[in-house]
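The values are calculated or read from the model by the stated rules, or taken from the named source; none is laboratory data. Quick caveat: nothing in here was measured; it's all calculated off a predicted structure. Here the Cβ positions follow ideal geometry from the backbone for every residue, glycine too, while neighbour counts run over all protein chains shown.
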Amino acid sequence: MTALYLAQQLINALALASVYALLALSFTLVYGIIGKINFAFGELFMVGAMLTALWSLFLAVYGIGGWPVTLTLIFALSVVTGAVHGWTTERLVFRRLRLTRGHAPLIAAIALSITYQEGTRVLQGAGDHWLRPDFSLSFAVAETAGFDVVANWKQIAIVAATLALLVSLGWLLTRTRFGLLYRACADDTFSAALMGANVDRVVAHAFTLGGALAGFAGFVLIEYYGVANFFMGFLTGFKALTAAIVGGIGSLRGAVLGGTLIALLETFWSGYFGGAYREVAVFGVLALVLAFRPTGLLGREPDVFFQNGR
């Protein structure tokens with residue numbers, strides 16, 4: 001029974017690990033190239049989830065398309081919307097503040113996050129938006145007289161899609177011209193500009209990619225958990241940022257590792273101790289990592305973050 005319960009908690013953590021890893025990658029991609037954190041990625045995650053809920057309802061009401069067609073359309077809409085918002089926030093806000101000293105970029109990021117929150121609340125209300133769960137997608141992995149280990153086809157699809165995206169992202173950053181320019185700008189922006197790199201364009205593409213990942217994370221969360229609201233990006237965004245810091249902010253592998261560890265901690269804490277102090281455990285880990293290893297588990301000094309394809 002103990003081993004089966006442990007296996008169930010591991011399965012339960014898979015989708016959550018995908019969400020945190022995707023969103024942590026959004027933070028890491030931008031921090032790695034400009035050295036600043038865009039808190040608004042948490043709200044782009046929320047926008048992706050809200051759009052998924054609203055368009056799922058719209059398509060269901062009008063009976064447009066079957067299940068695969070509908071899901072593909074909504075997925076594309078969430079990712080493209082996140083990418084467009086990511087590009088727009090860089091072009092209108094961060095490009096003007098990227099080279100400024102002080103806390104102006106941080107304050108602007110917080111203001112942008114609050115703007116997304118309140119704008120969504122005004123437009124869509126403060127209530128929750130739900131998707132109807134489909135329990136027919138579940139199946140038993142192991143069965144005993146007293147306890148069954150249950151998995152879900154959505155979990156398998158989410159993990160498979162996330163792994164495929166991670167492989168594609170690794171290829172993009174290590175085998176393409178954009179990846180070469182990105183790593184050059186992350187290593188030394190001034191030298192990359194002297195060598196002819198269009199730094200503004202590379203940074204804009206990094207924001208666009210980060211926004212697409214955030215939109216994908218929002219799609220994943222609501223498709224699995226079935227609920228979205230205007231405030232969900234705040235706490236989830238901070239947890240994903242915690243994952244990025246724990247893994248090593250600026251390290252792509254660290255973002256994935258941190259997202260997985262935070263998801264495992266949160267899931268196992270809820271499964272064995274209840275959910276009352278789940279956030280305390282997560283942010284307690286953040287405090288310990290910052291105290292004893294400020295660069296994170298896989299983090300390095302900024303000048304070598306992206307050596308060997310990192």
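Determine, yes or no, whether residue 262 is buried (at least 17 other Cβ atoms within 10 Å of the Cβ), outside any helix (DSSP H, G or I) and either modelled with pLDDT of 95 or more or touching a Ser or Thr at 6+ places or on another chain (Cβ under 7 Å) (or both).
no
Before we move on, is residue 214 crowded, with 24+ Cβ neighbours inside 10 Å and modelled with pLDDT of 95 or more?
Details: crowded, with 24+ Cβ neighbours inside 10 Å: yes; modelled with pLDDT of 95 or more: yes.
Taking the combined requirement at face value, the residue satisfies it.
Please work out which residue is farthest from residue 255 (Cα to Cα), limiting yourself to segment 140-198 and to residues that are surrounded by fewer than 16 Cβ atoms within 10 Å (Cβ to Cβ) and aromatic (Phe, Trp, Tyr).
Looking at residues that are surrounded by fewer than 16 Cβ atoms within 10 Å (Cβ to Cβ) and aromatic (Phe, Trp, Tyr), I get 147.
Matching residues to (1) free of Cβ contacts under 8 Å to residues at least 12 places away in the same chain; (2) over 30 Å from residue 71 (Cα atoms):
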| residue | (1), (2) |
| --- | --- |
| 96 | yes, yes |
| 100 | yes, yes |
| 103 | yes, yes |
| 106 | no, yes |
| 111 | yes, yes |
| 114 | yes, no |
| 121 | no, no |
| 126 | no, no |
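Can you say whether residue 248 is modelled with pLDDT of 90 or more, of a type outside the set (Phe, Trp, Tyr), under 29 Å from residue 184 (Cβ atoms) and crowded, with 17+ Cβ neighbours inside 10 Å, as far as the supplied structure shows? I'd like the intermediate steps shown before the answer.
Numbers: modelled with pLDDT of 90 or more: yes; of a type outside the set (Phe, Trp, Tyr): yes; under 29 Å from residue 184 (Cβ atoms): yes; crowded, with 17+ Cβ neighbours inside 10 Å: yes.
Against the criterion (modelled with pLDDT of 90 or more, of a type outside the set (Phe, Trp, Tyr), under 29 Å from residue 184 (Cβ atoms) and crowded, with 17+ Cβ neighbours inside 10 Å), residue 248 qualifies.
If I filter segment 217-245 down to residues being of a type in the set (Phe, Trp, Tyr) and surrounded by 21 or more Cβ atoms within 10 Å (Cβ to Cβ), which single residue comes out as nearest to residue 22 (Cα to Cα)? Let's see the steps before the verdict.
Step one: list which residues in segment 217-245 are of a type in the set (Phe, Trp, Tyr), which gives 219, 224-225, 230-231, 234, 238.
The next check asks that each one be surrounded by 21 or more Cβ atoms within 10 Å (Cβ to Cβ); those that pass are 219, 230.
Details: 219: 11, 230: 20 Å.
Ranking the qualifying residues of segment 217-245, first place goes to 219.
For the condition touching a residue at least 24 places away in the same chain (Cβ under 8 Å) and farther than 19 Å from residue 205 by Cβ, what is the one hit in 47, 84, 69? So that I can check it myself, show each step before the final result.
Values: 84 fails: farther than 19 Å from residue 205 by Cβ; 69 fails: touching a residue at least 24 places away in the same chain (Cβ under 8 Å).
Answer to the check: 47.
Could we say that residue 99 is farther than 22 Å from residue 54 by Cα and exposed (fewer than 11 other Cβ atoms within 10 Å of the Cβ) here?
Taking the combined requirement at face value, the residue satisfies it.
Quick check on residue 17: is it closer than 26 Å to residue 267 by Cα and either among the small types (Gly, Ala, Ser) or not in a helix (DSSP H, G or I) (or both)? Can you show your working first?
Details: closer than 26 Å to residue 267 by Cα: yes; either among the small types (Gly, Ala, Ser) or not in a helix (DSSP H, G or I) (or both): yes.
So residue 17 passes the test.
Just give me the residues in segment 234-254 being within 21 Å of residue 119 (Cβ to Cβ) and more than 10 Å from the chain's Cα centre (by Cα), in sequence order.
Within segment 234-254, 234, 235, 238 meet the criteria.
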